[in-house]
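K.L.:
Before I ask anything, let me first share the structure, which is written out below as structure tokens.
The values are calculated or read from the model by the stated rules, or taken from the named source; none is laboratory data. This structure is a prediction, so every number in the text was calculated from the model and none was measured. Because the Cβ atoms are built from the backbone with ideal geometry, glycine has one as well, and the counts that use them run over all protein chains shown.
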């Protein structure tokens, strides 16, 4: 029995498991109405009068949110999944311009755009055992892009934090004073967690290290569940310190690109 | 698993789309940086709100020594000033002082600076 190293071609063009893709599709359909709920948000200040009118009277109305939810229900059903995912992307794109939640919307829109290339409608009801679990939903590269987005998301933040000013805790002390998003006052250089008082000179490098770990560990099959648990703990901790609107949830949603069995383990040559 | 391993029926075309999307993803990546660097633009203007026991209040510009610093420096200086005899003398009998700090922040993902306003360190009523 010989084994073959996965090639770049395998990385991009290995077939995606249709049943797992269907679960991912349903997860998208469930997450989008929650992550894009916008009817309580304000018209963006950059919008010129005609666009502001469309935002105020169409896009930020309860009816539009309900319409998005209905389109998501169609997506969940798997009927013309690629076309519906593309339509959903177009419908949601204007909401990326809202003042609040831009980052989470960018993350989800990019993921949805990539996912629209997947033939996730190959399997409509993934819980049925006979619904084609061995069929392909297309090549791997759209899923790889979603995975890369998670890596880039943690990677750029880890890199941005790798400065003497951040690692010393100074940046966090300033930010907690400047921004109302911070739930705690860190200006005295200490972060209090339950009974622990952690110096920012320790907490700041730890947060950068955590993001380096999360950027890399999902790619190691043996570590991906550890990374997911570490990521959940990391975001729970962040949520105690500051609010970043929906970015936590959007980031955690991307974990599915690693955790769902979208790619079957390769069979070694000679295995029948 | 059946092989339907392209989107466009052409691997070169698929690779072009992949490269284009990856380029967009990387180009937009800096927008995803959250709270890694101080966001304040410029310096802080400090006003002083003098609140009488009956709630009447007047707002005056705080002493020049407290103006024009970063927010954290301004807060530190206000705390030090409020502890001096000059600072304590400014508190009206039975009333209080409120320090209003006005500054501008720039979020990494937004092209528009936003004005912020912080009322802080309300001095306790004088005995």
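K.L.:
Out of (1) surrounded by fewer than 24 Cβ atoms within 10 Å (Cβ to Cβ); (2) touching a strand residue (DSSP E or B) at 6+ places or on another chain (Cβ under 7 Å); (3) closer than 21 Å to residue A:218 by Cα, the odd one out for residue A:112 is which?
P.N.:
Only one criterion is unmet by residue A:112, namely (2).
K.L.:
In this structure, is residue A:238 within 12 Å of chain B (Cβ to nearest Cβ) and out of contact with any strand residue (DSSP E or B) (no Cβ under 8 Å at 6 or more places or on another chain)? Please lay out each step first, then the result.
P.N.:
Details: within 12 Å of chain B (Cβ to nearest Cβ): yes; out of contact with any strand residue (DSSP E or B) (no Cβ under 8 Å at 6 or more places or on another chain): yes.
Considered against the rule, which asks whether it is within 12 Å of chain B (Cβ to nearest Cβ) and out of contact with any strand residue (DSSP E or B) (no Cβ under 8 Å at 6 or more places or on another chain), residue A:238 comes out as yes.
K.L.:
Which ranges mark the strands (runs of 3 or more DSSP E) fully within the range B:36-127 that have 1 or more residues being modelled with pLDDT of 80 or more? Spell out the reasoning first.
P.N.:
Numbers: elements: B:40-51, B:57-61, B:96-105, B:114-123.
Correct list: B:40-51, B:57-61, B:96-105.
K.L.:
Okay, next question. Quick one: in the range A:1-41, which of the residues that are touching a helix residue (DSSP H, G or I) at 6+ places or on another chain (Cβ under 9 Å) and modelled with pLDDT under 85 is nearest to residue A:117 (Cα to Cα)?
P.N.:
That would be A:37.
K.L.:
I've got another one for you. How many residues are farther than 24 Å from residue B:8 by Cβ and either within 11 Å of chain B (Cβ to nearest Cβ) or part of a loop (DSSP other than H, G, I, E, B) (or both) if we restrict to the range A:19-41? It would help to see each step written out before you state the result.
P.N.:
Applying the first criterion (farther than 24 Å from residue B:8 by Cβ) to the range A:19-41 yields A:23, A:26-27, A:29-41.
Applying the additional criterion that residues be either within 11 Å of chain B (Cβ to nearest Cβ) or part of a loop (DSSP other than H, G, I, E, B) (or both) yields A:36-41.
Selection size over the range A:19-41: 6.
K.L.:
Anything in the range B:10-33 that is more than 7 Å from every other protein chain (Cβ to nearest Cβ) and not in a helix (DSSP H, G or I)? List them, or say none.
P.N.:
B:10 - this is the single residue of the range B:10-33 that is more than 7 Å from every other protein chain (Cβ to nearest Cβ) and not in a helix (DSSP H, G or I).
K.L.:
Further, regarding this structure: On the basis of being under 22 Å from the mean Cα position of the chain (by Cα), outside any helix (DSSP H, G or I) and either under 30 Å from residue B:30 (Cβ atoms) or away from chain B (no Cβ under 14 Å) (or both), does residue A:16 make the cut? Lay out the reasoning, then the answer.
P.N.:
On the way: under 22 Å from the mean Cα position of the chain (by Cα): yes; outside any helix (DSSP H, G or I): yes; either under 30 Å from residue B:30 (Cβ atoms) or away from chain B (no Cβ under 14 Å) (or both): yes.
Yes; evaluated as a whole, the condition is true for this residue.
K.L.:
Among the residues of the range A:220-272, count how many are at pLDDT below 95, assigned to a loop (DSSP other than H, G, I, E, B) and closer than 21 Å to residue A:106 by Cα.
P.N.:
Number satisfying all stated conditions: 4.
K.L.:
Return the residue satisfying two criteria in turn: it lies in the range A:144-189 and is surrounded by 19 or more Cβ atoms within 10 Å (Cβ to Cβ), more than 8 Å from chain B (Cβ to nearest Cβ) and not in a helix (DSSP H, G or I), and of such residues it is modelled with the lowest pLDDT.
P.N.:
A:186
K.L.:
So, residue A:207, is that one surrounded by fewer than 16 Cβ atoms within 10 Å (Cβ to Cβ) and in a helix (DSSP H, G or I) or not? Steps first, answer last, please.
P.N.:
On the way: surrounded by fewer than 16 Cβ atoms within 10 Å (Cβ to Cβ): no; in a helix (DSSP H, G or I): yes.
Here the answer is no, as residue A:207 does not meet what is asked.
K.L.:
Here's another thing I want to ask about it. Can you confirm whether the range A:77-90 contains a residue that is surrounded by 21 or more Cβ atoms within 10 Å (Cβ to Cβ) and not in a helix (DSSP H, G or I)?
P.N.:
Within the range A:77-90, the first condition is being surrounded by 21 or more Cβ atoms within 10 Å (Cβ to Cβ), and the residues that meet it are A:78, A:81, A:84-85, A:88.
Adding the requirement that they be not in a helix (DSSP H, G or I) leaves A:78.
Among the residues of the range A:77-90, at least one is surrounded by 21 or more Cβ atoms within 10 Å (Cβ to Cβ) and not in a helix (DSSP H, G or I), which makes the answer yes.
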